[in-house]
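So the structure is just underneath, and the comments pick up after that.
No lab work stands behind these numbers, since they all come straight from the coordinates. Bear in mind that the values here come from a model prediction, so they are computed numbers and not experimental data. Ideal geometry is used to build each Cβ from the backbone, glycine not excepted, and the neighbour counts take in all protein chains shown.
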Amino acid sequence: MLTRFAPSPTGELHLGHAYSALLGFDAACAVGGAFRLRIDDIDGSRSREAYVAAALADLAWLGVAWDGEPLRQSERLAAYQAALDDLRARDLVYPCFCTRADIAASLAAPHGSSGALYPGTCRHLDEATREHRLAAEPHCWRLDMEKAADVAGDLPWEEQGKGVRLADPRAHGDVVLARKDAPASYHLASTVDDAAMGVTHIIRGADLIASTDVHRLLQALLGLRTPLYRHHALVCGADGKRLAKRDAAASLAALRDSGVDGRALAADLLGGRLPTGYSLQKA
Ligand code: GLU
């Protein structure tokens, strides 16, 4: 059994991150499994080294110990490129030249697609136009979702203790797999890395359950093993809303600085006892 905690170093960790890391660490300890850290730092413009250091200090303060060196996504770009090349060779991705404004405008058009899904503007560009624009314009790479979902067929995955579900990747439309400003999207990097790390159990917040539709599809397309999943309840503040990185009061660094005992807090969180003003939203 191997699980992981994968913070993005774009802000301070808060009580929700602590809860997630503790559930993973505790689950690994319970069966003599491994617990690894991954630093999801592919977004170079928002990631900060200071947040990496703070996250490691927060975890140590909570009594969470990890196996081996943390894996850094910024050092894994070649693996993401190889996965993208594989999909490209099978014509399952296409370059998209749309700006955010282009997409917003076509969605606002009277007969445009509904919802926030990508309207498919660049899906059927002819080869010559595509080649020409590829050389000249910034672009991201999108999955041709209909084609990919057809190739993959049924996509069962298991929510631990709750049974088998079928992923519905079509609900996400032509998702971005490589961004204009970053070599891989969260979906691609996370799926490739979870497999490369040998993750057997993914324990993460219920806010990420929809992503599992896309991750399960990518596993099928790339021939990767499907782990077991556990999407846990989210920690909410006094307003009943789930915590965000901007909620400074709930930051672990703030609690650490105010003299809170990290290990006692960890035991409380694992026991479902949250500090006053915080609660768990049922998953
Ligand atoms: N870096 C992602 C986040 O912080 C990790 C999500 C995951 O556990 O898959 O939301």
Can you name every residue in the range 265-283 that is outside any loop (DSSP other than H, G, I, E, B) and exposed (fewer than 11 other Cβ atoms within 10 Å of the Cβ)? none
Matching residues in the range 234-246 (more than 15 Å from the ligand (Cβ to nearest atom) and either under 19 Å from Ala21 (Cβ atoms) or in a strand (DSSP E or B) (or both)) number 2
Just the residues that are among the aliphatic types (A, V, I, L, M), surrounded by fewer than 20 Cβ atoms within 10 Å (Cβ to Cβ) and within 11 Å of the ligand (Cβ to nearest atom), please, taken from the range 199-233. Leu208, Ile209
Could you check the range 42-53 and list, in sequence order, the residues that are surrounded by fewer than 22 Cβ atoms within 10 Å (Cβ to Cβ) and in a loop (DSSP other than H, G, I, E, B)? Asp43, Gly44, Ser45, Arg46, Ser47, Arg48
Considering residues of the range 42-78 that are closer than 29 Å to Ala264 by Cα and acidic (Asp, Glu) only, the residue nearest to the ligand (Cβ to nearest atom): Asp58
Being in a strand (DSSP E or B) and closer than 15 Å to Cys98 by Cα is the filter here; which residues of the range 136-158 pass it? Cys140, Trp141, Arg142, Leu143
It is to be established whether one or more residues within the range 128-135 are in contact with a Pro (Cβ under 6 Å, 6 or more places away or on another chain) and not in a helix (DSSP H, G or I). no
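Just to check your reading of the model, which residue among Gly153, Gly120, Gly173, Gly163 is at positive phi, of a type outside the set (S, T, N, Q) and free of Cβ contacts under 8 Å to residues at least 24 places away in the same chain? Steps first, please.
Numbers: Gly153 fails: free of Cβ contacts under 8 Å to residues at least 24 places away in the same chain; Gly120 fails: free of Cβ contacts under 8 Å to residues at least 24 places away in the same chain; Gly173 fails: free of Cβ contacts under 8 Å to residues at least 24 places away in the same chain.
None of the others qualify; the one that does is Gly163.
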Could you please find all residues in the range 42-84 being aromatic (Phe, Trp, Tyr) and more than 17 Å from the chain's Cα centre (by Cα)? Tyr51, Trp61, Trp66
How about the range 10-41: which of its residues are surrounded by fewer than 16 Cβ atoms within 10 Å (Cβ to Cβ), more than 16 Å from the chain's Cα centre (by Cα) and either within 13 Å of the ligand (Cβ to nearest atom) or part of a helix (DSSP H, G or I) (or both)? Cys29, Ala30
Which of the numbered conditions does Ala196 fail, given that it passes all the others? Conditions: (1) under 30 Å from Glu75 (Cβ atoms); (2) away from the ligand (no atom under 13 Å from the Cβ); (3) surrounded by 18 or more Cβ atoms within 10 Å (Cβ to Cβ). (3)
